Amino acid sequence: MINLIPKANRIKIENGSFHLSRDDKVYTELSLPLLTAPRGEDAAVRILKDTSLEKEEYYLKVSRDGILIKASENTGAYYALQSLRMLGRFDEGINEIPCVEISDKPSYGWRGVSLDESRHFFGKEYVKKLIDELFRLKMNVFHWHLTDDQGWRIEIKKYPLLTEIGSKRAYTHIGGWGSTKKDNTPYGGFYTQKDINEIVAYAKERCVSIVPEIDVPAHFAAALAAYPHLACRNLKRDVQGHFGGNIPVLDGMRDWNRPACMGKEETLQFIKDVYDEVCALFPFEYFHVGGDECDVSEWKKCPDCQRVMKEKGFINEYELQMMLTNSLCEYLKSKGKHMIGWNEILLADGVDESAVVQYWVQKRDANVEKFAQKGGKILMSKHQSFYLDHPYAIYPLKNTYNFDPEKYGVPKRNVIGVEGEMWTEWIAWSDKVDFMFHPRMEAISEVGWTDSAKRDYAEFISRYREYKSIYTHLGITYAVDKIAMSKGLLQRAKISRLFRYGDPDYEYKLNKKYFEKGER
Ligand code: ACM
Ligand code: ZN
């Protein structure tokens, strides 16, 4: 049984195997900085440049007397090497590669995951480890959620208070959405621009592009704690410590997802200034403006917002948001970038058709379907398959693996790819991030890479069982089968209840118990 994930699109398994030794030579016509092996004409591994192949495409032939790889660019060659690494169990020190012939390229161009570092902050070393994981699974986008109500995590030189004030909170909501409990330990952290440069370079070497998300106009409370004049009412508010659920009401305002004021001229300039610095740090052609979950109740009461609405003849507050979205889309275009935003950017008609929409809501959204029918591009992150912050008891591995965009009224031709979301309200440690990711990240890699006609959940699981010993060797915490594929209804009901009220870590702790008892 072969252990390759994501499954290759064309693979022929042949008899025999090839043993790769440390001192075997590599001949390459490409320049591969991560490949440290010596080169030589008498090489066991030959990497040839074949310009007829696409950027991410590769050919790999393992025979009893050696290995042949063909690729047009480094990316394809690296993906061939990742296939070799997995087939030959290099991480386990086995290095015995079954003879195969593979012709392979991805189904979708965008195969990613996100990490929310506002709610919890994991730091540079963990982000690099995550990038290593994406690379290993032939995934190519890291969506970095760097700002939100509970913390601003990226240095902006023009507005130093964003991190001086906005990166710190006094307490953290614990116990799940329905809980009112707090941990009163102050919490904070952010990345300097130097850190960001280092991570972007690290990702580039590993064929991973990073899309930064600077969420506007809402989820902006950390920025407003630092620069309160950008809110509709100049109220002194701290960076939020609670995540939602029982939301406090202060001065007649729910203290959640606070948006910037759309009626003040300074707002757009401030966001553009911030985007200038962020765009300069991230070379990727996409930029995420957020745009989700805007609570417009302050805009309804704000004389500045209402004046603009009247001047422009807007019929509702969503048109105020659209005004911002389209200004930013134009601005990003002038910098050679495409805008991407969450599906709420479609709440008003008229959003720039070049926008990419990230479709996250659980229910079917007629606005997204209409946008797709007009040719709009969609990134798929449907809640029930891709919200990896939810316990396996709610969204088991199978939900992720069996994802099919056409089930949600979006034709495949409109889908640029798939992305798993890691929100971290209830995930405070990197070890738990790993647990929530694996093996769902493996499933996403295959949904993104392998043609849907070639995917089968039961077959994936048998390949996965050959594969998963790799986790121990890579130091990755993962969900054991009794969790990831749980069929126990009582166990699932208890985990789901505790996720919302009481103990969102219950499933993670149960996993640890199973693991210690030898369940894998
Ligand atoms: C989201 O989950 N608010 C995009
Ligand atoms: Zn306002």
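The values are calculated or read from the model by the stated rules, or taken from the named source; none is laboratory data. Only a predicted model underlies this, so the values are computations on that prediction, with no experimental measurement involved. Glycine also receives a Cβ, built like all others from the backbone with ideal geometry; neighbour counts cover every protein chain displayed. Ligands, DNA and RNA are stripped out before the accessible areas are found, and what is left, the full protein with its side chains, is counted by its heavy atoms. Shrake-Rupley method; radii C 1.70, N 1.55, O 1.52, S 1.80 Å.
Before moving on, here are some points about what is shown:
- Here's the list of aspartates and glutamates a cross-link from Lys509 could span, going by alpha-carbon distance under 14 Å and ignoring same-chain residues fewer than 8 apart: Asp431, Asp434, Glu519.
- DSSP beta bridges in the chain [antiparallel fraction, %, rounded to 5]: 40
- Taking the charge dipole of the chain about its Cα centre, with +1 at Lys and Arg Cβ atoms and -1 at Asp and Glu Cβ atoms, the residue from Ile13, Met322, Leu379 reaching farthest to the positive side is Ile13.
- 5 angstrom amide H check on Gly263, placed H, neighbours 5+ away: Cys305
- Antiparallel bridge percentage (DSSP; both residues within the stretch 1-118; nearest 5): 65
- Taking every protein chain into account, the accessible area of the chain amounts to 40 square angstrom per residue (probe 1.4 Å).
- Working from Cα pairs under 8 Å separated by at least six residues, relative contact order for the stretch 183-320 is 30 percent.
- When the charge dipole of the stretch 9-149 is built from unit charges on Cβ atoms (+1 for Lys and Arg, -1 for Asp and Glu) and taken about the Cα centre, the candidate among Tyr78, Asn140, Thr28 whose Cα reaches farthest toward its positive end is Thr28.
- Remark: relative contact order (the chain) = 15 percent; criterion is Cα-Cα distance under 8 angstrom and separation of 6 or more residues.
- Cut-off 15 Å between beta-carbons: net charge of the residues surrounding Gln269, Lys and Arg +1, Asp and Glu -1: -4
- Where no second cysteine Cβ lies under 4.7 Å, the cysteines concerned in the chain: Cys99, Cys207, Cys279, Cys294, Cys329
- Given +1 at the Cβ of Lys and Arg, -1 at the Cβ of Asp and Glu and no other charges, the dipole of the stretch 292-376 around its Cα centre is 160 debye to the nearest 20.
- Most to least packed among 404-415, 335-346 [average Cβ atoms within 10 Å]: 335-346, 404-415
- Partners of Lys333 within straight-line reach, counting aspartates and glutamates whose Cα lies under 13 Å from its Cα and excluding those fewer than 8 residues away in the same chain: Asp276, Glu285, Asp352, Glu353.
- Residues whose amide H comes within less than 5 Å of that of Lys182, counting only those at least five positions distant or on another chain, are Ile174 (H built at 1.01 Å from N in the peptide plane).
- Counting charges near Lys158 (Lys, Arg +1; Asp, Glu -1) among other residues having Cβ under 10 Å from its Cβ returns a value of -2.
- Magnitude of the charge dipole for the chain, about its Cα centre and with charges confined to Cβ atoms of Lys, Arg (+1) and Asp, Glu (-1), is about 1000 debye.
- Only Lys, Arg, Asp and Glu carry charge here, each on its Cβ (+1 for the first two, -1 for the last two); on that basis the stretch 43-202 has a dipole of about 240 debye about its Cα centre.
- Of the cross-linked pairs Lys272/Lys300; Lys124/Lys482; Lys158/Lys374, those separated by over 28 Å at the C-alpha level are Lys124/Lys482; Lys158/Lys374.
- Taking amide H as placed 1.01 Å from N in the peptide plane, Ile154 has its amide H under 5 Å from the amide H of Tyr191, each at least 5 places away in sequence or on another chain.
- Antiparallel DSSP beta bridges within the stretch 141-245, percent to nearest 5: 55
- By the rule of a C-alpha distance below 28 Å, with chain neighbours fewer than 8 residues away ignored, the lysines paired with Lys12 are Lys25, Lys49, Lys55, Lys61, Lys70, Lys105, Lys138, Lys398, Lys412, Lys454, Lys468.
- Positive minus negative residues near Ser83 (Lys, Arg vs Asp, Glu; Cβ under 10 Å): +1
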